[in-house]
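Below: one structure, written as structure tokens.
The values are calculated or read from the model by the stated rules, or taken from the named source; none is laboratory data. Everything numeric in this text was worked out from a predicted model, so none of it was measured. All Cβ positions, glycine included, derive from the backbone under ideal geometry; neighbour counts span all protein chains shown. Just the protein is used for accessible areas: all its heavy atoms, side chains included, with ligands, DNA and RNA removed. Shrake-Rupley method; radii C 1.70, N 1.55, O 1.52, S 1.80 Å.
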Amino acid sequence: GGARGLLLRMEPTNSSHRDDSTAAPDTTELTCHLCGLTARVPTNYARHLGRPTVCKECRGRERQRWYELRCEQQFRNANIDDRHKHLASWSALEAPESWKNADRRRYAAMVEVVQELLEGEGTLALIGNRGTGKTQVATVAVMETCRRAEPACIVTAVRLLADLKRRYGSDGDGDDEWLKHWERFKLLVIDECQRMPGADHSYSMVEELIDARYRAQLQTILIANATEAGFADLMGPATIDRMSEGQGGLFECCWPSLRRTAQ
């Protein structure tokens with residue numbers, strides 16, 4: 001009667017000293033090895049249970065603890081800049097009240113398209129002037145993904161290419177290792193794409209990475225301080241074409257600088 005639901009993987013207790021005359025027929029008393037809770041379950045059911053024994057509530061707590069540890073691990077690997085960590089959730093992303101209503105709506109639309117990407121897949125580009133909050137919004141997307149216990153990372157294009165050079169050996173065997181590493185993230189944000197060199201091996205590898213993530217139906221955000229025409233010249237027609245599928249696209253951030261507004 002005091003049992004909190006059926007026990008899973010329970011272990012029979014030694015009850016030879018007890019009077020079992022009042023016990024329910026064809027049941028076995030089992031004890032959770034974590035909390036000590038006892039309960040009676042059908043004997044036929046108990047025979048199929050393994051050891052050690054864990055009750056329903058303890059199993060739930062263990063799963064929750066595993067989930068929390070998994071989230072902590074994702075945050076450690078996410079490369080989140082300290083200056084953006086105060087933005088803990090989507091609710092922290094609000095346009096200044098001093099902005100025009102049209103700019104506030106446009107900023108809110110950017111947040112919405114990033115949220116939609118997290119529920120689907122695709123390659124999304126956030127472009128425009130400096131200081132418009134592109135990196136802030138993408139960082140919150142990374143944190144939200146980590147809270148789901150899924151891998152996410154934000155990295156600048158320069159550091160992405162530096163990692164390629166670090167892995168690239170004299171025999172040229174580092175490409176596959178580099179691709180596998182950056183393909184493992186459910187969400188990958190590549191910031192400052194305008195700083196990528198054009199028409200060399202490094203640039204072609206970034207193209208290959210974006211294509212591999214596209215084929216794997218993952219989520220990729222590209223950020224650049226560039227105009228639409230400039231970004232198209234930078235990334236090439238193949239990447240621009242892939243952005244038209246899924247929840248991808250190109251969003252131009254053309255409102256005032258958040259940094260100047262804060263001043």
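General observations
- Dipole axis of the stretch 59-137 (+1 Lys, Arg; -1 Asp, Glu on Cβ), positive-most option in GLY120, LEU87, ASN77: ASN77
- Protection proxy ranking of 83-90, 185-192, 143-150, by the mean of other Cβ atoms within 10 Å over each peptide's residues and highest first, is 185-192, 143-150, 83-90.
- Taking only the C-alpha atoms of the stretch 46-137, Rg followed by Dmax gives 20.8, 70 Å.
- Stretching ALA212 away from VAL158 to a fully extended chain increases their span by 17.5 nm, per 0.36 nm per residue minus the current alpha-carbon distance.
- Cβ-Cβ FRET estimate between SER91 and ARG148, R0 fixed at 22 Å, reported to 0.05: 0.80
- Ranked by the mean number of other Cβ atoms within 10 Å of their residues, highest first, the peptides 57-70, 236-249, 30-43 come out as 30-43, 236-249, 57-70.
- Accessible area per residue for the stretch 123-263, computed on protein heavy atoms with a 1.4 Å probe, is 45 Å².
- In the stretch 121-239, the portion of solvent-accessible area held by carbon and sulfur atoms comes to 46 percent [1.4 Å probe, whole percent, DNA, RNA and ligands not counted].
- A crude spin-label estimate for the pair GLU62 and ASN129, with each label 7 Å from Cα along the Cβ direction, gives 5.7 nm.
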